[in-house]
Amino acid sequence: MDHSAHTYSVASNPVYYEHSPLHVLFAGESQTKPGHALGPKLYDYYLLHFVESGHGWFRTEQRTYHLSAGDCFLIHPGQLVSYVSDTDAPWRYRWSAFIGSEADRLIEEAGFGTDAPVFKAFGDSRIPQWIHAMQQTFYGRKASSHPASLGYLYLILAEAGEHLTEAAKLPGPDSQVRITVKQMIQYMSTQYAHPVSIEQMAASLGYNRAYLSRIFKKETGLSPVTYLLKLRIDKSRQLLRERPELSIEQVAASVGLPDALYFSRQFRRFYGQSPTEYRITVGK
């Protein structure tokens with residue numbers, strides 16, 4: 001390959017970003033020049049790179065990574081980073097930029113934190129194809145390219161989560177405890193709107209309830225019952241603020257607490273006022 005032949009192309013999402021929960025901003029590809037450097041600089045969006053060939057260095061505020069073909073690295077918003085291409089074997093990479101509150105959640109769930117911004121993909125990884133597909137659909141300038149790009153992004157982050165979850169599985173019982181507690185939190189975060197119980201969660205995860213309660217309390221400081229209740233009350237506060245047309249009974253039912261009297265009592269227990277008083281306060 002002629003490494004002096006620098007190539008660069010990028011395509012932006014034709015759909016304008018208006019603070020949607022998840023939005024792909026652009027996707028691109030480049031065969032960099034030897035020693036090509038970016039940063040140190042900050043970005044205000046996530047920027048994911050997949051290295052297709054060559055070598056380079058990625059520096060975060062915590063450490064420096066030497067990367068090669070098959071490596072992915074993620075730049076987080078607000079993080080001071082720099083990255084530079086090798087002088088002898090400059091890297092070729094593809095990238096995608098995305099943003100939104102849903103992006104924060106997906107990155108966290110994938111384990112793609114600032115302390116783990118890099119992973120080595122499988123040999124048959126489809127991440128570069130998905131980034132390329134994003135770029136091509138943006139070139140089409142159709143409104144449908146927006147949902148299509150989100151689909152590709154979900155696939156990319158799903159694969160990233162597989163790699164990062166495997167890497168996090170350290171030998172010993174403690175790592176399994178942390179994984180189980182994360183599974184419990186995920187279960188409650190997705191099922192809180194239904195009248196689920198801790199017994200149902202234990203059965204779903206295949207563990208004894210007493211064991212789950214013990215490890216959860218040790219890891220989080222709260223019992224599963226209290227955590228689930230607090231999660232429901234916190235979600236209800238959001239509904240009370242954002243959906244004034246809903247009655248207190250409807251809010252309670254929407255967070256998995258069909259007994260409005262019990263809901264109001266627990267709301268006061270956590271926040272020192274009734275749901276109605278809270279709604280009046282935040283509405284002023």
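The values are calculated or read from the model by the stated rules, or taken from the named source; none is laboratory data. None of the values given here were measured: they were computed from a predicted structure. No Cβ is skipped: glycine too gets one built from the backbone with ideal geometry, and neighbour counts run over all protein chains shown. These accessible areas exclude ligands, DNA and RNA; they are computed on the full protein's heavy atoms, side chains included. Shrake-Rupley method; radii C 1.70, N 1.55, O 1.52, S 1.80 Å.
A few notes on this one:
- When the Cα atoms of the range 232-277 are aligned to their principal axes, the ranges along those axes come out at 23, 19, 15 Å in descending order.
- Taking every C-alpha pair closer than 8 Å and separated by at least 6 residues, the mean separation divided by the residue count of the chain gives a relative contact order of 15 percent.
- For the range 175-238, the solvent-accessible area works out to 54 Å² per residue, with a probe of 1.4 Å and every protein chain left in place.
- Heavy-atom accessible surface of the chain: percent carbon and sulfur, 1.4 Å: 53 percent
- Excluding ligands, DNA and RNA, the accessible surface per residue across the range 1-76 is 50 Å² with a 1.4 Å probe.
- Convex hull volume per residue, computed on the Cα atoms of the chain, equals 171 Å³.
- Relative contact order, whole percent, for the range 234-284 stands at 34, derived from Cα pairs under 8 Å and 6 or more residues apart.
- Along its principal axes, the range 194-256 has C-alpha extents of 42, 22, 13 angstrom, given from the largest down.
- Quick note on the range 40-152: its Rg to Rh ratio, both from C-alpha atoms and Rh being the Kirkwood radius, is 0.96.
- Both radii were evaluated on the Cα set of the range 19-96; the Rg over Rh quotient, with Rh as the Kirkwood radius, amounts to 0.97.
- Centroid-to-centroid separation of the range 10-64 and the range 211-284 [C-alpha atoms, Å]: 39 Å
- FRET E, pair S68, F122, Förster distance 22 Å, beta-carbon r, rounded to 0.05: 0.90
- Computed with a 1.4 Å probe on the full set of protein chains, the accessible area for I107 sits at about 10 Å².
- Computed over the range 38-80, the P(r) curve from all C-alpha pair distances, binned at 5 Å from the origin, holds 6, 20, 33, 25, 14, 2 percent per bin.
- For the range 1-64, the spread of Cα positions along each principal axis, largest first, Å: 40, 30, 17
- The reciprocal of the average 1/r between distinct C-alpha atoms defines the Kirkwood hydrodynamic radius, which for the range 172-284 equals 15.0 Å.
- Candidates S145, S236, S247: whichever shows maximal mean-square fluctuation once the chain is modelled as a Gaussian network with Cα springs under 10 Å: S247
- Lys pairs, the chain - Cα-Cα below 27 angstrom, 8 or more residues apart or on other chains: 18
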